[in-house]
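Asker: The structure follows.
The values are calculated or read from the model by the stated rules, or taken from the named source; none is laboratory data. Nothing here was measured: the structure is a model prediction, and the numbers come from that model. Quick reminder, even Gly has a Cβ in these numbers, built from the backbone with ideal geometry, and neighbours come from all protein chains shown. These accessible areas exclude ligands, DNA and RNA; they are computed on the full protein's heavy atoms, side chains included. Shrake-Rupley method; radii C 1.70, N 1.55, O 1.52, S 1.80 Å.
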Amino acid sequence: MATASKLGDYLRARREQVRPEDVGLPAGERRRVPGLRREEVALLAGISAEYYLRLEQGRDRHPSDQVLDSIAGALRLATDARVYMRALARSPRTATRRNSHPERVSASIQSLIDGWPTTPALVHGHYMTTLAANPMAIALNPLFAPGINTLRAAFLEPEMREFYRDWDTMTAKAVAYVRSVSAAAVDDPELVRLIGELSLHSERFRTLWARQDVRRRTSGVTRLLHPQVGPLDLHYE
């Protein structure tokens, strides 16, 4: 898929998430589309409706940073979403392609997490495949073992709905995180396979992926229900 088309898809998806009243516009009674109309986004961004239409249709491949910032303001995008949109707007020659070599964890990192006997610790790759985990993490849940993609497990393994007490919130955050790192992966086969599989087998994933929410997770609390231990609130970094 062309980079310009990805930008257009993203603009369309985010436009549909913004209510007119959120940006000081009258909602009206005869709206045929969810969210804002194209001309409303153009008005708020200070650009012509025709130019904004060309962006959504992928007919303009080189929007300036100033234009992107104006559109980001109109769509009320947070910092992570603005960074993602700029990455989508890069030309195919300047977009970053993931290294084809397998992701690995150094022996020093493995030794470090193995030295935490009471703290579950694991290392994810870009798309949430576990690259390393200590014994406590695997004891917490066998699906945290190295080689298992925790995003796939969250949506396709039935026991994970019970394991995560806030499964709806957790899955929304996880998808937004993967979306945040996907702009720099130009048609990465690994990502394409993962998204295709999850889209085919999980309606929840299809809905979340279509929203195109973008947010990087840095810290928080994971609310679990362990079958032997019971409820757990674990802080993560």
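Asker: When the accessible area of the chain is computed with all protein chains present and a 1.4 Å probe, what percentage of it is carbon and sulfur?
Answerer: 51 percent
Asker: Using the Cα centre of region 6-50 as the reference point, and only Cβ charges (+1 on K/R, -1 on D/E), how large is the resulting charge dipole? Debye, rounded to the nearest 20.
Answerer: About 180 debye.
Asker: Ignoring ligands, DNA and RNA, what accessible area per residue does region 16-144 give at 1.4 Å, in Å²?
Answerer: I get 61 Å² per residue for region 16-144.
Asker: Using the Cα centre as the reference, give the magnitude of the dipole from point charges on the C-beta atoms of the chain (Lys, Arg: +1; Asp, Glu: -1; all else neutral), rounded to the nearest 20 debye.
Answerer: So the magnitude is around 680 debye.
Asker: In the chain, if the dipole is taken from +1 on Lys/Arg beta carbons and -1 on Asp/Glu beta carbons about the Cα centre, which of LEU11, GLY196, LEU234 is farthest to the positive end?
Answerer: About the Cα centre, the residue reaching furthest to the positive side is LEU11.
Asker: If you don't mind, another one. When N counts the residues of region 21-84, how does its alpha-carbon radius of gyration compare numerically with 2.2 N^0.38 Å, as a ratio?
Answerer: Its radius of gyration relative to the 2.2 N^0.38 Å reference: 1.15.
Asker: Between GLU157 and ASP187, what FRET efficiency comes out of the Förster formula 1/(1 + (r/R0)^6) with R0 = 30 Å and r the beta carbon distance, rounded to 0.05?
Answerer: 0.65
Asker: Here is a follow-up. For the chain, build the charge dipole from Cβ charges (+1 Lys, Arg; -1 Asp, Glu) around the Cα centre, then report which of THR118, THR130, ALA183 sits farthest towards its positive end.
Answerer: ALA183
Asker: Related question: Hey, can you grab everything whose amide H is under 5 Å from the amide H of ALA132? Only 5+ residues off in sequence or another chain; H modelled, so Pro and N-termini drop out.
Answerer: Residues meeting the criterion, in which the H sits 1.01 Å from N, are VAL123.
Asker: Could you calculate the contour length gain from ARG104 to ARG216, that is, 0.36 nm times the residue separation minus the distance between their Cα atoms, to one decimal place in nm?
Answerer: Gain on stretching ARG104 to ARG216: 38.2 nm.
Asker: Ratio to report: Rg/Rh of region 101-192, with Cα atoms as the point set and Rh obtained by the Kirkwood method; give two decimals.
Answerer: Over the Cα atoms of region 101-192, Rg/Rh equals 0.98.
Asker: Leaving out ligands and nucleic acids, note down the accessible area per residue over region 149-229 with a 1.4 angstrom probe, in whole Å².
Answerer: Per residue, region 149-229 has 50 Å² of solvent-accessible surface.
Asker: Now a separate question. Over the heavy atoms of GLU203, what accessible area does a 1.4 Å probe trace out, to the nearest 10 Å²?
Answerer: Answer for GLU203: close to 130 Å² accessible.
Asker: Rank these residues by their accessible area, most exposed first, probe 1.4 Å: ARG32, ARG12.
Answerer: Most to least solvent-accessible, the answer reads ARG32, ARG12.
Asker: Once you have the alpha carbon radius of gyration of region 107-156, what is it after dividing by 2.2 N^0.38 Å, with N set to its residue count?
Answerer: That ratio works out to 1.08.
Asker: Using a basic spin-label model with each label point 7 Å from the Cα along Cα→Cβ, how many nm lie between ARG206 and GLN66?
Answerer: Roughly 4.3 nm, to one decimal.
Asker: Let me ask another. Just add up the charged neighbours of SER219: K/R +1, D/E -1, any other residue whose Cβ is under 14 Å from the Cβ of SER219.
Answerer: +2
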